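Here the structure is laid out as structure tokens; the discussion comes afterwards.
Bear in mind these aren't lab numbers, they're just calculated from the coordinates by the rules spelled out. Everything numeric here is computed off the predicted structure, so don't read it as measured data. Cβ atoms come from the backbone with ideal geometry, glycine included; neighbour counts cover every protein chain shown.
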Amino acid sequence: MRGVRNHHERAFELLCAAFDGSITEQEKVWLAEHLANCAECRRQKEQTQAAIAALKTVSISAASDLVQSTQRRVRTLCLQTEARQRRMRPIWMSSIFASAWMACTTPYLWQSFDLTGHWLHIPDLLWQMAFLVAWFTPALTGAAVAVWLRPQLTRAVSSQIMRATA
Amino acid sequence: MRLLLPRPRINSQMYLAVSSAVEWTLRENVEIARGLRRRDPELLDRLIERFQHRLLRYLVFLTGNRDLAEDIFQETWIRVMERGRQYNGKAKFDTWLFAIARHLVIDWSRKKTTASLEALQEQFGNEHAFDVASTEPSPFDAITSRENRENVQTALSRLDSLHREVLVLRFHEELSLEEIATVTGAPLSTVKSRLYRGLAALKPSFAEVQQ
């Protein structure tokens, strides 16, 4: 009895595998022989075919307003991300320039301020303060330019987003 | 010597057709990957348009709830835009898309302190999630088709999400078992057993119609 039940179970597994196309020739032959002799498994095969056919009739489609609103949201986010990157670009550029400037000029600037300070008999604190101002000038200029550009970029991007999502 | 002979004409033509189709798909995947890296809004528009029904269908099958599926549909595309750089174009775009959607469903269910995907159905499943196309050519067909429709709806609402997911990916989206394994992150043997169990659970609903 157990052997018979196992045959039915194997037949069902092979049936499912046959729908996938993952069945060997030997298994195909065994299944065909079993189906020819087993009315129960033939019925199971018909039911499985009916189930798959019915499954394929399930029609779920996206409403056009869902698609349009998704497209609008994604487009807006794309533009906002791009705008954020564009806003950050001058800041990055000025940071890189300022860092490079500081790294390259520090020893020479220090030496020249030191020499000038001693030559003109300027107190140490004063020429050192002047050195710091000269040292930070590129970074401060870069930051000022970035701050000045920010509202212009924001305005340009906002109008671009408005146009794209209209 | 026999091995050096040219292949039969029909085989070489078929081989060329298949290889050119594969090459075209690969090229298309690479183009999609490039566009996603640039965050190209035009490309994203086209992708949303192209995969709209397939993605929504998968999400409805997975969650059993249309409203929730629509919310996650939007989130999926936003995630595609944000994580587009992670798609390398080596895998098929649709399997990557379905995997993202699946992760979002899992994240969502975790946020709601739901233990697993199966529990989603109990919490949020609705009977009208699975609408069936109703083209009825004759009164006899109308009765059969109505019975079929009710059977499908009942059977699908009874199935758990994991089985429904594999059924939709296999028979609707026509993904291979290996691709389904990639999407679900489950071993091939598990995918196979989910498919058999899903079909076995779906089958009894059609016993009466068949008799």
Subject >> Efficiency of FRET from Cβ geometry, residue A:82 and residue A:18, R₀ 41 Å, rounded to 0.05 >> reply: 0.20
Original post:
In whole Hz, what ³J(HN,Hα) sequence does the stretch B:187-201 give by Karplus (6.51, -1.76, 1.60; θ = phi - 60°), x for Gly and Pro?
Top reply: x, 4, 5, 5, 4, 4, 5, 5, 5, 5, 5, x, 5, 5, 6
Original post:
Listed highest first by mean packing, meaning other Cβ atoms within 10 Å per residue, what order do B:94-100, A:121-127, B:166-172, A:92-98 come in?
Top reply: B:166-172, B:94-100, A:92-98, A:121-127
Original post:
HN-Hα J couplings of the stretch B:170-183 from phi, Karplus 6.51/-1.76/1.60, θ = phi - 60°, integer Hz, Gly and Pro as x?
Top reply: 7, 9, 9, 8, 6, 7, 6, 4, 5, 5, 5, 4, 5, 5
Subject >> For chain A, Cys with no neighbouring Cys Cβ under 4.7 Å >> reply: A:16, A:78, A:104
Original post:
Where a ≥ b ≥ c are the square roots of the eigenvalues of the C-alpha gyration tensor, would you call the stretch A:2-57 rounded, which needs a/c under 1.5, or, failing that, prolate if a/b is larger than b/c, or oblate?
Top reply: oblate
Subject >> Of A:84, A:73, A:42, the one that fluctuates the most in a GNM where chain A has Cα springs shorter than 10 Å >> reply: A:42
Subject >> Alpha-carbon centroids, the stretch B:29-65 and the stretch A:38-86: separation in whole Å >> reply: 11 Å
Subject >> Relative contact order (%) - the stretch A:64-165, alpha-carbon pairs under 8 angstrom, separation at least six >> reply: 49 percent
**OP:** Partner chain Cβ atoms within 10 Å, averaged over the residues of A:64-77 - can you pull that number for me?
**Re:** 6
